Every structure is written in structure tokens, then in C-alpha cells.
């Protein structure tokens, strides 16, 4: 395994791309913009899915599955949503291939098999789902409808990057229907909270909860609630969004319900999603120049045991101790791998597991057997210590929590050090280039000012934070009144 | 809830369609041939997935994810596979929509956004996966490669039926690579065994393990191992297949490995899959004229408690007992629902849960409280008994196993009663129409005879069973020698 990662200092973007590939998370495929998620990357995604799925179910949601395709006439029904996604839609136009008469052994699209109506490969499923909900909702008794779907979606992006922006990606999309506006708003906020809890408690990635400005809002939404994280290079990453859709889709698909009083009213809606993009966020939040750093709660293997030996006799003795340790740690609910392959040397394995970010590595050699000790190495701090038999289990169990907390604290500190309150546009522009990070600044609330800042600096409003910091001031660009500071950053 | 299912006797096919819809398993969507899997149906599918996924992992497989799209040039690389699926491929030809200049508010495919190479929506993933494996396999150390994918696939079927045959369906597809032929054959057989274990132990659906005849083999395979089940109407259903692919895909995609001796050899392959079709099989194996019958191991709710009351005071008392019972059953690992809705009467609830196939229903009323009893009803036998407080928990726990076993036994008996050894083509044709089911008959091994039988009777060879019944005889059609009996049936 050739390691030699480009360092973050040298080229952050190149470091990321190399790391994703070398740590066996994902790779580019033969299909433009589509990735292959490799087993190790997928195992981390499965852990994320399991926790999110549990949290969705605990908040009353059920899973279902809706079609991959959206007929064009349905897709265009909610105009703003259609307009927002039209430019990146993969479109199925035919349903059959045939032998190419001009090229033996080759196939061509059968011109006779043209669809009457083209099918859009879902970029998001509001249209097909609200078409379906029309059949499911008649009365207030049918509400709320709280449904989630795990699915693949396709958005034909021109510039793609593994996990962060791919033509096809995996995600979950929740779609709920409610009798009242306030219930729908509460749901949208609840799911923002669920996402924030997940990213902070499991990914050890702090996020700012906020609301999107008009120009950054989801196409077809009334309000978009977002969670925004800060990567090590000072760029922001939108990690999850939850939309209050008002009655837009209910009106587009004519979904009304009979109230208790017998009146017909349009239904209120939300939708919310996180995707395999979170994998990119996870990598960029914690990893270092030696490779991946995984929080214990999401690591497929939390501990790896590497045997050190020179002959079969030593291997047998070390293996016995390793198997015993593995069994005891597993009994404590820890995911342990014992790498007893004789095809690779210990040094190679040490590099491999550093690259793959396994939180704790335990080495056992003949000397350890003599002394009744183990060598325990932490991936996050790259520190090592030698521990006695009688404390090893409790220590490793404790390390899981300690590493999880430590990663979160480190990320919080990094964010604090890279969040700057600025009072002038000059200061903003200078520090944006020199230091990066989040900039908390006053803004006059207009699209024009936002657009000007974006054009001149590439920074966008990541969110209007949902915190108590509501001091008014003057817009850094126009000097016009501002009700509160908002958060700017360059973003992924 | 209008029940009134068509009976199986009246019209089996109509009964099935109505049941799937009325029990809230799935429904047809706005997209031709694509279904919506509703929350209740999806919850059963999730249970199936969880068990299968566990079994795959226990046999050493890892999950990964490969692209939805297959470029046409890759798709056509393995000719037999391409030929087998070409006629049912959805094809993406464009990547953008635009405003239709002739119809304000409508969209059309942007003629400028035509793909250079068309993309096939995967009908199966051998092509894209073997293209990927070429990069992953260099030496014997990289083998075996044991990977599974949970995904959606699209096959443009002309006649579709919910779960049994849909244009889009959900499935898992395993794709493995091996150094030797015998290892690959062993893998293919192992996965057939895994499928049989799953269908018999979890779905309570007996299957015949066998091998497909030439004409029924998967396009691109050397051998297809199959599990075949018998439905209540005497038609067979192919429930899962596992293919030994030889070196066909390795050759098509030039995937070679260096042996220990340093020679370059083509890799050996398998692929294997089961799909949401199993949902149809589950419905048709056990259900009756009153609705669904679910085996306890796959039932989202294994027990439902229905309160009987006339006033708030009674409701409170009954609820207290119900909650206590629910807690005790849950402590035993049983999935219990307490339906305390005041919007529906007990009779309505009884019907609802019969329709939805919940294995055990417990009713609690004021009289039960007085007597310290519960009324326990079994869905499979439609029997009721009154049980005392002190035996209820053990009894219900025992019922889970008893119902699971009883369903399996009943299905075994049905299959035994509908499996007939026939000695002549006349007998075969007569009994096929009169009685249906599996027919064990001698066949001369030729495609011609198989084709003639299919044309004249619509029965096909479901499999050449992998059992010890190897007595030779004479083909029922040609009188030519036959090495062993094979299994015929009309099939879904």
C-alpha cells in the first residue's frame, strides 16, 4: 500500500481526493460523475443509516418506497421545483435496445421504442410522492402522514467530486403531510434538530442551525432549515436541510383534506434529507495527513489488534492472547478486528489502519506476553501507551467515549477559531482570503447585496442562525439597517 | 375499511391484486409498471432485508454500491447477457430539460443536451461491476471478492403485477470473484442454500432446490441454481437464483489475476439475487380469503391488543391491563401494538388486523378484567381461546414458534398434495389442467422437447432438482432415455 498522501497544507482538495480513494471509501466509475462506494466506505454509510433510521422511527416516521422515475408532466407540476431541477435531469426517452444493423455485435436504441412521455430520473421525489399522497389523504384522520424513503437520486452536475457532489447519490428523503401550518413548521424544525443531534453525537461534527436566505432556499420551499458545518480548510459544508413546503405541492397536486368541521383544506408539507455527502463531511472534519480519522461511534472496526511475531510459536502464543482480548472487548460491545494475516508485516498493517482511521490499535508481541502488557495506540492523537492486562478492557472501553468527545471538542475549537465577527466589508474580504471560516456579519436582507457579495468574494450566506444573538446593526456593504448578523462563508 | 375480498376460489389472480392493495402493501403508481411500496409492505421487506443481510455477512460478504447507469458500450460487452436484457432496457439519452417555447409553463427535453453515449438503467449490474472489478483484482491475494449490493433495477416488462413483475423493483445482487472454478461453484451453491434457509425458516415457504435447464438459465451464466416454490393456485414461483458465471464476464472485461505461481488467469464469477418478488410469494403462500397471513418472524407487529370498552372508566382500566401486558410481551422480544384509537370500533379493528395478517390478536374487555383473562385469537387458524393472566405470556411466546411451524407444515403439505409423478404426456396434460402443481416427469434433455411442452401446455421446466432421486426412465414426450425426473409447472 503506497501511502504518501498529499498533505492538507500542500493541497487540501488533492488531499481529500487521494484520501477517499486510498482509504478505500469510494472511487470514480466508468459513468461520468457517478461513484462506486467501496465496501469500507459503504460500511460507514450503513452505520450512519442505522442511526438515522432509528432516530426517524423514534420520531414516528415509517419507511416506504416510491418510483425512480417521474413522468415529465408530473415533474413540471410544481413550477418552482421543476425550474430548480430542470437543468440537471437525466431523462429516459426509450425502453428498448436492438442489434445495430450497421455494427454486428453492437446495440443501439430502438427508434420504435420511444416513450410517449419522457421519464425524469428523480432528482428529488416531491412530485411523484405528492401525486401518490393525493390518493392517501382524504380526511384529517389521514394526517399527519410521516414517511421517509432511502433511495438513490440523480442530479446531472457538471463538476463532480467523490461524495461531495456526484451525479448519482444515495440519500434519505422524508416527506410529511400535516393538517396545520404550525404542525408542519414544527416537523421541519424537529428534523433539523434530529440532523444536528446525529452529526454532533455520532459524526462528532458541530453544526450551526439556521435558516436559508431566499436565494439559497430549496426550489419549491417556503423556508429551508439547514445545518452548516465548517471543514478544516475553512470552507462551509451544508450537511442537511429540512424544508417547510407550505401548501405549494398540495396545490400543485390538488391534495385537500376534510377538516373535523367538514371543510376542504389544502394540506401542509415538509421534506428533509441528508445524503452520502455526509461521508465527505466526515472525512474532511477529522482526518489528517496520515489518513482517515473516524469517530468510534461510526467506525466499522473500533479496535484492531496487530500481532507481532517472528516464528510460528510466537504467533500461536500472541494469537491466543489476541483472541482472548478480542472476545472480552466484544463482550463489552466493541467492534474488534484481529488482523492475523501472514501476508503483511506489522509496519504495513500499522500504516493501513492509520490510513483507514481505526480509532484504537493494539499491538501484542512476545515481550508483551512476558510482561503482561499491551501497546495501545490512539489514531486521533497518534499517541501510544503500554497498559497492563488488568486495566486494558476498562481503558479501551473508556477510550471509545474519550475519543468521540475529543474529536468533537477539537472540531468545536477549530470552528470557534475560524468564526469571525466582522464590522466592515473590507475586513470581511481581507479575512475571508487570509483566514477563511465563518463570518458573522450584518446584512441588509436584500438579494442584491447577497448577490454582490457572492460575485465579488464567492462567499454566500450559509444561514441566518437560529440563536439568540439578535443584536441589530448596519449592513457591511450598504450600511442599511440589519436586524441581526448572518453567517457567510465560501462553501462546498 | 371495505373488506370484501374476492375469494381465491372465485378468481385467484384478482384475490391477489385486491389483497396487496387492501392490506396496504403496495399500489400502482403514476409511472407505467412501477409500484409504490407502502409503509406496511415496506416494513415486511425491511424484516426480510435484515435477515438476508445478516446471513450474507455471516457468510463473509460485504455490501457496496455501484452506479445506477451502465454506458451502452459496457452493457453490450458480454453478448449473451446483453442480448438477454436488451429488449427491456430503459435508456437515458439526455441530461437536461428546458422551458418549452411552444407551451408556457411546460418543459421539454433540451435537444442540445444529448448524451454522447446512451446510458442503460441497470437491469442487473454484472457489466458495471465487472468493469470495476478489473481495477480491484490483480493477484490471487485480492480473491475471493465477496460483495453484495442492495439496489433498485429496471426491466421494462410489458405485463406487470404488483411485486411479482414490475418495471422497477428492489433487490440485492451478490457478485463474487474467485481464483478457481470449484470455489465459484461452491459459492453459487452456498448462496442457493442461504436463500432456501431464508425462505423456509423465515418466510415459512418450502422450496425445491434445483438447477435450471439451458433455456431457463440466466443470460450470461454457465449454470443457474434456483429455488422454486409452489403457490396455493398450483403455479410455481421462482423465488431466488444463484448463477455460476464461469469466466464469461472476466473475459468480456479482461479481468485476470496472477496466481501464486505467477501465471495470468481469468477470474471465475458468481452472481445471485432475490427481490421484492418475495413479497408476492409470501402473500400467495399463506394468505386466505380474509386477508394476509404473516409468519411471526416477518410480521412487523406479531401481536395486536384491542381494547373493548363502553366508557372512559372502562377504557382506563382496560388500557392499564393492556399496557402492562404489552410491556411484559416486549420484554420477551415480541413486537406488540396496542391499538387504543377511539376513532374505530373493535369490530373494525378485528377486520383490519385480520386483513393485515397480524399473527395474534388479544382482546381485553371489562369482563376479562373481572375474570383475570384475555381473549387470544390466532390469525392462521382463525381460532380463539380465553386464557388466564398467569399463563398468557408463556402461551403467546409459544404461539410465535407454533404459528411459524404450523404455516410451514401447511405449505409443505399443500406442496406434497400438489406434486405428482406422471408417466405419460397425456396424464401430464390432463392433471396439469385439472389439478395443477409440480409435475415430476422424465424428459429427454433436449430444448426441442422442452419447447414443445411449453408451447402446448404453458408448463416449463422449473428445475432439475438437486436431490437423490436419480432413477432413469423414458421421456414422456419422445420416449427417449432420461437420466432423471425433472420438475414441470406453470409458473409466475
Given the structure, is residue A:130 touching a helix residue (DSSP H, G or I) at 6+ places or on another chain (Cβ under 6 Å), more than 24 Å from residue A:268 (Cα to Cα) and in contact (Cβ under 8 Å) with a residue 40 or more places away in the chain? no
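What about residue A:115, is it at the interface with chain B (Cβ under 8 Å from one of its Cβ atoms) and either over 18 Å from residue A:243 (Cα atoms) or surrounded by 17 or more Cβ atoms within 10 Å (Cβ to Cβ) (or both)? If you could, list the steps in order and put the result at the bottom.
Working: at the interface with chain B (Cβ under 8 Å from one of its Cβ atoms): no; either over 18 Å from residue A:243 (Cα atoms) or surrounded by 17 or more Cβ atoms within 10 Å (Cβ to Cβ) (or both): yes.
No: the conditions fail for residue A:115.
Is it the case, given these coordinates, that residue B:422 is surrounded by 19 or more Cβ atoms within 10 Å (Cβ to Cβ) and under 23 Å from residue B:357 (Cβ atoms)?
Working: surrounded by 19 or more Cβ atoms within 10 Å (Cβ to Cβ): yes; under 23 Å from residue B:357 (Cβ atoms): no.
No; evaluated as a whole, the condition is false for this residue.
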State whether one or more residues within the range A:80-90 are under 27 Å from residue B:42 (Cβ atoms) and at pLDDT below 95. yes
Has the range B:99-110 got any residue that is without any contact (Cβ under 8 Å) to a residue 24 or more places away in the chain, closer than 30 Å to residue B:126 by Cα and in contact with a helix residue (DSSP H, G or I) (Cβ under 6 Å, 6 or more places away or on another chain)? no
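Based on what the data block shows, is residue B:107 at the interface with chain A (Cβ under 8 Å from one of its Cβ atoms), in contact with a strand residue (DSSP E or B) (Cβ under 6 Å, 6 or more places away or on another chain) and more than 22 Å from residue A:34 (Cα to Cα)?
Working: at the interface with chain A (Cβ under 8 Å from one of its Cβ atoms): yes; in contact with a strand residue (DSSP E or B) (Cβ under 6 Å, 6 or more places away or on another chain): yes; more than 22 Å from residue A:34 (Cα to Cα): yes.
It is true that residue B:107 is at the interface with chain A (Cβ under 8 Å from one of its Cβ atoms), in contact with a strand residue (DSSP E or B) (Cβ under 6 Å, 6 or more places away or on another chain) and more than 22 Å from residue A:34 (Cα to Cα).
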Exception for residue A:170 within (1) more than 9 Å from chain B (Cβ to nearest Cβ); (2) in a strand (DSSP E or B) falls at (1)
Count, please, the residues in the range B:135-151 that happen to be surrounded by fewer than 21 Cβ atoms within 10 Å (Cβ to Cβ), over 31 Å from the mean Cα position of the chain (by Cα) and more than 9 Å from chain A (Cβ to nearest Cβ). 4
Would you check if residue B:313 is free of Cβ contacts under 8 Å to residues at least 24 places away in the same chain, over 26 Å from residue A:62 (Cα atoms) and crowded, with 17+ Cβ neighbours inside 10 Å? no
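Looking at A:151, A:177, A:184 in this structure, which one is assigned to a helix (DSSP H, G or I) and touching a residue at least 40 places away in the same chain (Cβ under 8 Å)?
The unique qualifying residue is A:184.
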Matching option when the condition is in contact with a helix residue (DSSP H, G or I) (Cβ under 6 Å, 6 or more places away or on another chain) and either modelled with pLDDT of 95 or more or facing chain A (nearest Cβ under 10 Å) (or both), among B:207, B:154: B:207
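Only one residue in B:375, B:370 is free of Cβ contacts under 8 Å to residues at least 24 places away in the same chain, over 26 Å from the mean Cα position of the chain (by Cα) and buried (at least 17 other Cβ atoms within 10 Å of the Cβ), so which one is that?
Working: B:370 fails: buried (at least 17 other Cβ atoms within 10 Å of the Cβ).
Selected residue: B:375, the only one of B:375, B:370 that is free of Cβ contacts under 8 Å to residues at least 24 places away in the same chain, over 26 Å from the mean Cα position of the chain (by Cα) and buried (at least 17 other Cβ atoms within 10 Å of the Cβ).
The values are calculated or read from the model by the stated rules, or taken from the named source; none is laboratory data. Note that this is a predicted model, so its numbers are computed, not measured. Cβ atoms come from the backbone with ideal geometry, glycine included; neighbour counts cover every protein chain shown.
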